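The values are calculated or read from the model by the stated rules, or taken from the named source; none is laboratory data. It should be emphasised that the depicted structure is a prediction, and the values quoted were computed from it without experimental measurement. All Cβ positions, even for glycine, are placed from backbone atoms using ideal geometry, and neighbour counts span all protein chains on display. Accessible surface is based on the protein model in full, side chains and every heavy atom, while ligands, DNA and RNA are left aside. Shrake-Rupley method; radii C 1.70, N 1.55, O 1.52, S 1.80 Å.
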Amino acid sequence: MTATSEEIVAGLLAAAGLTVAEFEQATFVADYPLIRQAADALYLPELDGVEPSARFDPLDYYPTEGSESR
């Protein structure tokens with residue numbers, strides 16, 4: 001059985017020890033499927049065997065003026 005958005009949001013709020021107003025909980029319930037979908041989209045199975053990077057320098061990929069010596 002799959003939990004509903006209402007059940008998941010209630011569980012997350014309870015686990016965090018948070019009490020919110022009804023309208024806030026309704027907003028979280030309405031937004032949860034979109035947030036879950038966005039989080040699921042971050043998973044890239046083709047990277048399962050790749051070790052995480054210990055450091056990331058965006059300049060290595062998007063050089064700015066004066067960083068040609070990198």
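Here's the yes/no breakdown for (1) open to solvent by less than 90 Å² (accessible area, probe 1.4 Å); (2) basic (K, R); (3) in a helix (DSSP H, G or I); (4) modelled with pLDDT under 95:
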{"position": "M1", "(1), (2), (3), (4)": "no, no, no, yes"}
{"position": "A10", "(1), (2), (3), (4)": "yes, no, yes, no"}
{"position": "L13", "(1), (2), (3), (4)": "yes, no, yes, no"}
{"position": "Q25", "(1), (2), (3), (4)": "yes, no, yes, no"}
{"position": "A30", "(1), (2), (3), (4)": "yes, no, yes, no"}
{"position": "A39", "(1), (2), (3), (4)": "yes, no, yes, yes"}
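Filtered by the rule that a residue be part of a helix (DSSP H, G or I) and either at positive phi or over 19 Å from the mean Cα position of the chain (by Cα) (or both), region 41-58 gives a lone residue, P58. Within region 50-70, one or more residues are of a type in the set (S, T, N, Q) and in contact with a Leu (Cβ under 6 Å, 6 or more places away or on another chain).
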